[in-house]
Amino acid sequence: MDEDATPIGPLLESRLKMVSTTTSRTTGSSERRDATWLINTGAARVHRGPQERSWDHIDPGTLNSVCDAVQADSWPLTLIGPAGVGKTCLAWLLFDGCHGKRLYREVPDLLTWLIRADQGEDTLMSSGGFWSDWRGAKVAILDEIGARERVSDFHYETVKRAIDSREGQPLILVSNLTIGQIAKVYDDRIASRMAAGTVIEIQGRDRRLEAV
């Protein structure tokens, strides 16, 4: 298989190893099987901004679901849930656990950058160069989907293109909105694309508020 076509599963396996244990965390009994993730050097913790992101912050059940999706190459992997529950944390840990070209973009920043690039302002590459890199990356993350209540035609087409150009390839989508809310902000086509692979809803309390 050509190196550029290697799925993300084997790439993650070089960093992540899932093992089963028969010991309950709370009772010490053998009645429940908990999934434990062992992280090799370099992928256990990452620093993004003021917060350290660690696999310790991610619920084991969520990790099981992510592992199943990755091993099945069920893309896109769509992470939804309230703000601060660890969606971006999880996306970044997967991101940093992969080899090869990786791209992370937040929708609002991507829109601003593309407008500047099309206007010929000082940018590192053209918009065409960005889309070429986006298609060719081993894994891509599109975060902050639906962060704006008003969606222009340009906004809509950019999100749609970002998803369509990664069809069948490793793509992680992150949003605070449910799939139903995505359909209202964008339309059913965007919602359908985001739900076409694996949707994982992450619940919990806002860890940013707890850290204050």
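Tabulated data for the structure shown
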{"read-out": "Qualifying residue in the range 170-191 (condition: among the acidic types (Asp, Glu) and either over 27 Å from Pro82 (Cα atoms) or modelled with pLDDT under 95 (or both))", "value": "no"}
{"read-out": "Residue list for the range 89-107, restricted to those being out of contact with any Asp or Glu (no Cβ under 6 Å at 6 or more places or on another chain) and in a helix (DSSP H, G or I)", "value": "Cys89, Leu90, Ala91, Trp92, Leu93, Leu94, Phe95, Asp96"}
{"read-out": "Counted residues, the range 73-88 - those being outside any strand (DSSP E or B) and either aliphatic (A, V, I, L, M) or free of Cβ contacts under 8 Å to residues at least 12 places away in the same chain (or both)", "value": "2"}
{"read-out": "Verdict on Arg161 being open to solvent by 20 Å² or more (accessible area, probe 1.4 Å) and touching a residue at least 40 places away in the same chain (Cβ under 8 Å)", "value": "no"}
{"read-out": "Selection status of Leu111, surrounded by fewer than 18 Cβ atoms within 10 Å (Cβ to Cβ) and without any contact (Cβ under 8 Å) to a residue 60 or more places away in the chain", "value": "yes"}
{"read-out": "Ile141 in a strand (DSSP E or B), open to solvent by less than 30 Å² (accessible area, probe 1.4 Å) and either out of contact with any Gly (no Cβ under 9 Å at 6 or more places or on another chain) or in contact (Cβ under 8 Å) with a residue 24 or more places away in the chain (or both)", "value": "yes"}
{"read-out": "For Glu149: the one exception among (1) open to solvent by 20 Å² or more (accessible area, probe 1.4 Å); (2) within 29 Å of Asp96 (Cβ to Cβ)", "value": "(2)"}
{"read-out": "Search result, residues across the range 164-181 that are β-branched (Val, Ile, Thr) and open to solvent by 10 Å² or more (accessible area, probe 1.4 Å)", "value": "Thr178, Ile179"}
{"read-out": "Number of positions in the range 33-62 that are open to solvent by less than 10 Å² (accessible area, probe 1.4 Å) and either of a type in the set (Phe, Trp, Tyr) or modelled with pLDDT of 55 or more (or both)", "value": "1"}
{"read-out": "Subset of the range 114-129 [touching a Phe, Trp or Tyr at 6+ places or on another chain (Cβ under 8 Å) and either open to solvent by 80 Å² or more (accessible area, probe 1.4 Å) or in a helix (DSSP H, G or I) (or both)]", "value": "Leu114, Ile115, Ala117"}
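The values are calculated or read from the model by the stated rules, or taken from the named source; none is laboratory data. Bear in mind that the values here come from a model prediction, so they are computed numbers and not experimental data. When we count neighbours, we look across all protein chains shown, and the Cβ atoms used for this are built from the backbone with ideal geometry, even at glycine. The area values use the complete protein model at the heavy-atom level, side chains included, leaving out ligands, DNA and RNA. Shrake-Rupley method; radii C 1.70, N 1.55, O 1.52, S 1.80 Å.
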